Amino acid sequence: MMDVATPFLNALTVASQTELAYSAQDHAQLNAVLHRILQAAHAAWPSIALADDRFLSYVAERVIPSPSVIPFPDLMQRLEQLHTSDLFLCCACADGNDRAIAQLQSTTFPMLDRALARLGIDPQRRYEVLGELIPHLFVADDRKPRIASYRGKGALQGWLRAVAVRHALASVPQLQEDDQALAVQPGTFDLEAQYLKTQYGPLFETAFADALRSLSVRQRNLLRRHLFDGLRIDDLALIHHVHRATVARWIERAREDLARYVYQQLSKQLGLQQKELQSLLRAIRSHIDLSLSKHLR
Amino acid sequence: MYPVGSSDPSSSSALECPDEEELLAVAEARAQPAQRIYIEQHVDRCPSCRRLLSALVLLGRSGERTTPTPSALPSALPSALPSVLPSHEGRHAPLFPFATVGRYRILRLLGVGGMGVVYLAEDPELARHVAIKLLRPDLWRGAEAGMLQREARAMARLSHPNVVQVYDAGAVDGQLFLAMEYVDGLTLRGWLQEQPRTVSDILALAQQAGTGLAAAHRAGLTHRDLKPENILWRRSDGRVLVSDFGLAHTHDAIPRDRPLAGTPRYLAPELRIGTAPSPQSDQFSFCLTMMEALGLAKDSPPHSIVRALRQGLREDPRARFADMDSLLAALRPSPNRWLFRFLFTTAIAGVLMAGAGGYRLALRDQHRRCVAELERKQFHWDSATTDRVRRGFLNTKAPYAQQAFEYADRLLHKRNEELHRASEQSCELGLSAGIAGDGARARSVCLSRAATDLQALVRILEAPESIVVERATQAVLSLRSPLDCLKIGPESSAGTITNQLLRDTLAHLQALTNTGQWISAEAGVRQLVSRAQQQKDRAIEAEALYLLGRLQWEKDEFSAAASSLWQSALAAEASTERDVAARAWLGLAGLTGEVIGDAVRGKEYADLAQVSVERLGASGTRLVGELSLLRARLAHRSGDLAAAEREAHRALDTLITYEGIDLAESSETARLLGILFLKQGQIDKARQQLERFESALLKVHGSQHPRYARGLLTVGMLLHEVGQPVLAEARNRQAVRILEQALPENSPIRADAMMNLAVSVQDQGRLREALPIMQRALAIMEQVPQHPRDDGVRLVLINLCDLEAQLVLDDAALLSCRRAVSLFEQAGDGTHPELAEALRVMGVVYLRRNQVDEAQRVLQRALALAEHGGLWKANRAAVRFALAQALWGQKKRTEALMLARQAREELRGASGSSDKLADMDAWLSQRTGG
């Protein structure tokens, strides 16, 4: 078996800026794994010509996240988890191989189109986004083409989808400033917020902004995601690795904190009668309850 | 790392956004805790990353998750590979640009089309802007590429003010490109959409575009793909230029998938069967483009123009104009010339008819011309068309496409024959009557409309979406048979003479509506309504309003729909369009009486419909059947089951004579009749009827069609009612399977099927197994867009509530029931029969909790509804029995015992209820001591 491990390790040394300690047995094992990687990649993309040493050094540059030292077994484990055949295609694309670029487009763009469609982006805009994505992915500007930043940790499809969605979101006409919009987003305070906003104008806005700042990072993100981005309790539970009931409790708590803070601020500054404020708070709370039941069903 | 900060002012530019792999790891819940915390901190300050992350979570939730990473390399890797990037046909992929193409520098993307991507570029040598079109390499290979290059050079030699100049053609790294004059303006499509244009604006544009096309033809070039996108209007001086000569690829591989390429709908018919492109085929595309443009104009074009365009649209290329110049001459508005021609032909006819000796000859000639005239109506179900439709159907990949095609083919073939036979006979009738009386005119108008309608439908069937395939049979059936035209009596007036262009538009919109493409139809229908009103064409107005009413009805906008149908009926009455009037009254009656639930008004409208249908005489047979069906439904809604059954029988008989036994037995009417039998406890008849329904559906639609699944569900419901849950479960499972293959996730019928499956599982005592199925049904139903979501949701909720009550999940049950009840109340449906079931279950739960007063309250309400005829017998008995228990708890003993005895009597009539009967007997004997 030809020795491909040595050039690979050389490339790795350059990328990680450190020498790796390994035994002769390790070396042989690595060689075998690299051969399998090559075999699989060529089998997956039979029509794409790419030199083995070029591909393996491309892998070497990506298997370790940043200049750092890792033990040999860790290296082997990482290699095994890497989506190397996807990297093979990307390497060819990054080198400007027409056929690879065409292959990548034809295998993934329909999926990207569907993903964008599911986010409610209209067809005309989708094609523009996909059209713009092409120079973005494959054309090197001052640095490397964007496709080169795929490191193979997840599947290429997922990565491309994320890139496309990012691109689509960035080019959507700038939405209102999220947090300001949050103040009147149905479900935060419902009608009351709109009422308070028109009634007390800037005072309310300041109070709301302060209130939002007083929350924890998690609370803020929860509210924005739940009320603004349309994530459901189950989605949030997934992101946070907790039970849905916990997320529900967190959200309830965040709203309560928000309401209480706004109430305190306003009561301090407006000098309303105790009774008026009490009824205001009751109104706010009851609407929060209503909207909670709406969102938690 | 990807610096997004620059595009988002709210995040500091020093902040590096996490890369896609990190965000994806969080979205897919495989990130390390430290990574999660870091990302939380980041997205708190960076809205665009937060939105991206949320979008990724949303996308991950509904299925299209990426393939999981293989964990063990040696064995897993090779097999896992192909799934990582599934191979797709990939026609959507736009082409990638180079930073430079030849000597041109790419500036920005102008557009993406079926042929490739167009960029704005700069020619540094001449310091001017050019449009660079990069052609899709998958369409242009080898010899074809060479041919294209040669043609492009020929095009480059053509220089005309109305043709987009080609500067250069070549290939870079195997990628073909064209450098063309850059036109800053709009395509014809955009120009028409920018603001309403007048007929004379459009004709002026047509002259310019046609001049360009004519020049190219003289230079020996054909366009091959003329369409609104290829006609450009320059903003600076209003000049019109034709672009993209010779780029169309007539190869079979022209992408049919919608988004990028669109269907080659402007293609001349002869090109579809592989004839070489010619100036005549360009002429066809040109005329179709202009015909469509004129359809969007503010005013309507003179008849002469329409006639000229129609000649350019003739199926036979030789019947079109000799060249573009003659066509353009005919499109030049000069009324005097046309008047002259009219007088001229009349004079000739007069000369011919003058000689009395030639009368017989003239008669035969007249007959021949009459038939030819009617046959020319442009509906041909010939083998080429059949073939296109078959391919279109199979292309949708619907599992039932083949079967759907075969049945539609059979029906269209039949309609085609009927049309020709009717034309033949109509001419004979007209001749024997001596002079062309009003009746003959009316028949001829009717036949011509029938042909137009059929042709419009066939055009849609040629490039169908899957919903079209699903509805094809119904769409053909919804058109009247041409033979009906023959039954028009001699006294009938011809109806209003209408603008043929509007009539064509109407036929197209009607075909869209009948094939379920409601969203595509609506804008056009609204436009047609206002066009017809402007032109005071009440006949078209009536038809268009009728379509509008149907579309609004589909969207649950009931009061808007009722108002449109009302206006349609009035316009139809005003224009003596009796057929439309009858349909509009029928629609209004159904909407008011059955959907809105106003029985009195419903009945009034039904009477009006009856008058209209009677006026139609023999030609309205089909509507007689619909009227009976309507009456059956109204009677069903108001609880008069016997009357409903009578009317349903009558409707079914009419259908059998009109459409034949299979279609009749597989119709909604047949299903309704079966259900009516069942509701009246006539189990055997119900079973026979519904099993015939099921097998007729199988015969007509095949085993993979959603309609067949509907048949399975109906029979499943019957089996459920007669206490054979094992058989019911099998039917329901099969239906669920078919529907999962055939319909999108959020189809209400998928939820129905799931719900029925849950009920049949529940019936066999497998309650725990049924619960998640029922919850799934609810989840699907909640995703159903708008109509008929709420109705569906409340029904599932009732069943869920019942199931939860049986599982003694009392809190959950009460919650579900209350939600159902409040949905009924929100919809103003406080007397809906299904509401009784929700109330019954609530009553049972209250009884179990010993809340007798609450129980008595809801059960009393349930009983009032149940006696109104809404519930199955067995359930009505159950309501009585539960109420008896509640009353007993309230110490109203006499009343309680009376009700319980009534319940027992009632239950005796129903089958499969021996357990419940035993319960009642036991309860009664405990309390009466005997």
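Projecting the Cα atoms of B:A728, B:I749, B:I738 onto the dipole axis of the stretch B:695-778, where Lys and Arg carry +1 and Asp and Glu carry -1 at the beta carbon, places B:I738 farthest toward the positive end.
Per residue of B:41-52, count partner chain C-beta atoms within 10 Å of its C-beta, then hand back the mean as an integer.
5
For the pair A:R218 and A:D74, label points projected 7 Å from Cα toward Cβ lie 2.8 nm apart.
The length gained by stretching the chain between B:Q775 and B:Q860 to full extension, at 0.36 nm per residue less their Cα-Cα distance, is 27.7 nm.
Each residue in B:S236, B:S703 was given a count of other beta-carbon atoms within 10 angstrom of its own, and listing them fewest first yields B:S236, B:S703.
Amide H to amide H, with H built 1.01 Å from N, B:D168 comes under 5 Å of B:A179, counting only residues 5 or more places away or on other chains. Listed here are the pairs B:K133/B:K227; B:K603/B:K685; B:K679/B:K892; which of them are more than 22 Å apart at the Cα? Checking Cα-Cα distances, B:K603/B:K685; B:K679/B:K892 exceed 22 Å.
Give me the dipole magnitude in Debye, nearest 20, for the stretch B:517-638 about the Cα centre, with unit charges on the beta carbon: positive for Lys and Arg, negative for Asp and Glu.
Numbers: 15 positive and 16 negative charges, 20 e Å.
That gives a dipole near 100 debye.
For peptide A:76-82, the mean count of partner chain Cβ atoms within 10 Å of a residue's Cβ comes to 3. Under a model in which nothing but the beta-carbon of Lys, Arg (+1) and Asp, Glu (-1) is charged, the stretch A:1-148 shows a dipole of about 400 debye around its Cα centre.
Fewest-first ordering of B:V808, B:V445, B:V57 by other beta carbons within 10 Å of each residue's beta carbon gives B:V808, B:V445, B:V57. When you count the other C-beta atoms within 10 angstrom of each residue and take the mean per peptide, B:567-576, B:123-132 line up highest first as B:567-576, B:123-132.
Each value in this text was obtained by applying a stated rule to the coordinates, not by laboratory testing. Because the structure is predicted, anything quoted here is derived from the model rather than measured. Note that we place each Cβ from the backbone using ideal geometry, even for glycine, and neighbour counts take in every protein chain shown.
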